[in-house]
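Undergrad: I have a structure here, written as structure tokens, and I will follow up with some questions on it.
The values are calculated or read from the model by the stated rules, or taken from the named source; none is laboratory data. Here the structure is a predicted model, which means the values were calculated and not measured. Positions of Cβ are generated from backbone atoms using ideal geometry, with glycine treated the same way; all protein chains shown enter the neighbour counts. For the accessible areas, the whole protein counts, side chains as well, though only heavy atoms, and no ligand, DNA or RNA atoms are used. Shrake-Rupley method; radii C 1.70, N 1.55, O 1.52, S 1.80 Å.
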Amino acid sequence: MLTARENMIQVIEHGTPDRLVNQYEGLSLLFHPFMMFSSPLVQKGTSIEQAIPNAWGVYNAFPENTPGGFPLHDDAHLLVKDIDHWQDYVKVPSLKFTDEQWGICKEMYDAVDGEKSMKATFVAPGLFEQCHHMCKIENTMMAMYESPDELKDMIKMLVDFELELAEGICTHLKPEAIFHHDDWGSQKSTFMSVDMFEEFYVEPYKEIYGYYHDHGVKYVFHHSDSYAATFVPDMIEMGIDVWQGCFSTNNLPELIKKYGDKITFMGGIENHLVDYDGWTKENCEEVVRKTIEECGDKAFIPCIAQGGPGSVFPGVYQELWGDIDKINIEKYGCTQEELDGARLPINVMF
């Protein structure tokens, strides 16, 4: 039997996997010094009253029973109050870290069994998210029409920041993959037209992901738990190997048929379908079986849509894990002992 890492690579490389990939089983999401020491992720349970600014000056809260942290944009907390003069509000954080700080992160990478799991550097937020975290989402969208040059200047600043971060990651940590966040849509639509997306974000991402690919990173996982079917050709052009978070509303069977030789789709199991107060084992299994029946095992990894292993309500991710194992045992002749031996123990990040 292939290890979880090997099996995931077979799916991504359009080879011959010997079973379904079980969500994040072949991927270990690991941090870099900026996320550990300068701007750590806001902790679950952080109320609005407890929010403190991150390294960029953005205030984030993460209330209980919500899928993730999100910035505060009332008058008291909004960072960029006038996008035409964004330079007056934004101070780019330093990426100068000591060898000791890089070494602490490197020890975490070295501790992962690279035979069973890919070592993937976690990078968040992405370009669009960072823009609207600093400026407010409606202001960012309006700037595409009213202040396009200023917005492009801001994006260029963020690209320069990400390229400096990428240089450090590739020099010190040498991951096999990166796992990069940037949500581009809602459940049913993208946040912007294809033309707008291509004007503002495609070339910047080509530069960032091109750097990673050119400096030893083999696979780019991009998280956008959303509808983004119309962006798939651009994702391929950007150099994305795996679109993680793809909703079933994208018509995944059609996308897999059309683009499955160029990109892998990882998701299909939206949180709202399984991850809610009062969730049931029976419903989880029903959703998993329906998703796999519709999408198959080519260029597809069944996975909860959120951007990391875990769930909003405790136990859901583990239940989905068990349901996918069950199908691997039924359909592909695996045993539970073989499955467990081929991967690292289940790890819940969120």
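Undergrad: Keeping all protein chains in place and using 1.4 angstrom, which order do 287, 348, 242 fall into by accessible surface area, from largest down?
TA: Details: 287 20, 348 65, 242 0 Å².
Listed by decreasing accessible area, they come as 348, 287, 242.
Undergrad: Do the sum for the chain: with -39,500 (n - 2.57) for every DSSP H run of n ≥ 4, divided by all residues, what is the mean residue ellipticity at 222 nm, to the nearest 500 deg cm²/dmol?
TA: Numbers: 13 runs with 134 residues, N = 350.
The per-residue figure over the chain is -11500 deg cm²/dmol.
Undergrad: Between residue 43 and residue 137, with labels modelled 7 Å along Cα→Cβ, what's the label distance in nm to one decimal, could you check?
TA: Roughly 2.7 nm, to one decimal.
Undergrad: What aspartates and glutamates could a cross-link reach from residue 290, if we take a straight Cα to Cα line under 14 Å and drop same-chain neighbours fewer than 8 places away?
TA: Result set, ordered by chain and number: 270, 282, 323.
Undergrad: Among 13, 337, 25, determine the one that fluctuates most according to a GNM of the chain built with springs between C-alpha atoms less than 10 Å apart.
TA: The residue that fluctuates most here is 337.
Undergrad: Another question, if that's okay. Round to a whole angstrom and tell me the spacing of the C-alpha centers of region 272-350 and region 1-29.
TA: Each part reduced to its Cα centre gives a spacing of 14 Å.
Undergrad: Applying the Karplus parametrisation 6.51 cos²θ - 1.76 cosθ + 1.60 with θ = phi - 60° to the phi angles of region 199-211, what ³J(HN,Hα) value in whole Hz is obtained for each residue in order, glycine and proline being reported as x?
TA: Whole-Hz 3J(HN,Hα) from phi for region 199-211: 5, 9, 10, 5, 4, x, 6, 4, 5, 5, 5, x, 4.
Undergrad: If you plug each phi of region 292-300 into the Karplus form 6.51 cos²θ - 1.76 cosθ + 1.60 with θ = phi - 60°, what whole-Hz ³J(HN,Hα) values come out, in order, with x for Gly and Pro?
TA: Taking θ as phi minus 60°, the curve returns 5, 4, 6, 9, x, 10, 9, 6, 9 Hz for region 292-300.
Undergrad: Further question: Using a Gaussian network model of the chain with C-alpha springs under 10 Å, which one of 247, 300, 161 is most mobile by mean-square fluctuation?
TA: Answer for the Gaussian network model of the chain: 161.
Undergrad: Same structure again: If the label point is 7 Å along Cα→Cβ of residue 163, which residues in region 185-226 have backbone nitrogen under 12 Å from it?
TA: 204-212
Undergrad: Helix 137-146 versus the longest principal axis of the chain: what angle, 0 to 90°, nearest 10, using Cα atoms?
TA: Compared with the principal axis, the helix lies near 60 degrees.
Undergrad: When the label point is put 7 Å from the Cα of residue 194 along its Cα-to-beta-carbon vector, which residues of region 222-263 have a backbone N closer than 12 Å?
TA: Correct set: 229-235.
Undergrad: So, one more: Taking amide H atoms as placed 1.01 Å from N in the peptide plane, list the residues 5 or more away in sequence, or in a different chain, whose amide H sits under 5 Å from that of residue 46.
TA: The answer is 62.
Undergrad: Let's test the formula: R0 of 22 Å, r as the Cβ-Cβ distance of residue 289 and residue 338. What FRET efficiency results, to the nearest 0.05?
TA: On the way: r = 21 Å, r/R0 = 0.96.
After rounding, the FRET efficiency stands at 0.55.
Undergrad: Give the long-range amide H neighbours of residue 117: residues separated by 5 or more places, or on another chain, with amide H under 5 Å away, using H modelled in the peptide plane at 1.01 Å from N.
TA: Long-range HN contacts for residue 117: 5.
Undergrad: Using a 7 Å offset from the Cα along the Cα-to-Cβ direction at both residue 262 and residue 276, what is the distance between the two label points in nm, to one decimal?
TA: 3.6 nm
Undergrad: I've got another one for you. How many Lys pairs in region 1-124 lie less than 25 angstrom apart by Cα atoms, where the lysines are 8 or more positions apart or on different chains?
TA: Numbers: 44/119; 81/91; 96/106; 96/119; 106/116; 106/119.
Within region 1-124, the lysine pair count is 6.
Undergrad: Whole number please: convex hull volume per residue of the Cα set in the chain, in Å³?
TA: Details: hull volume 44.1 nm³, N = 350.
So the per-residue Cα hull volume is 126 Å³.
Undergrad: Looking only at 274, 58, 112, which one moves most when the chain is put into a Gaussian network model with springs between Cα atoms under 10 Å?
TA: The residue that fluctuates most here is 112.
Undergrad: Using θ = phi - 60° and the Karplus form 6.51 cos²θ - 1.76 cosθ + 1.60, what ³J(HN,Hα) does each residue of region 221-238 get, whole Hz, x for Gly and Pro?
TA: Values per residue, Gly and Pro as x: 9, 10, 8, 8, 7, 5, 7, 7, 4, 6, 8, 4, x, 5, 4, 5, 5, 5 Hz.
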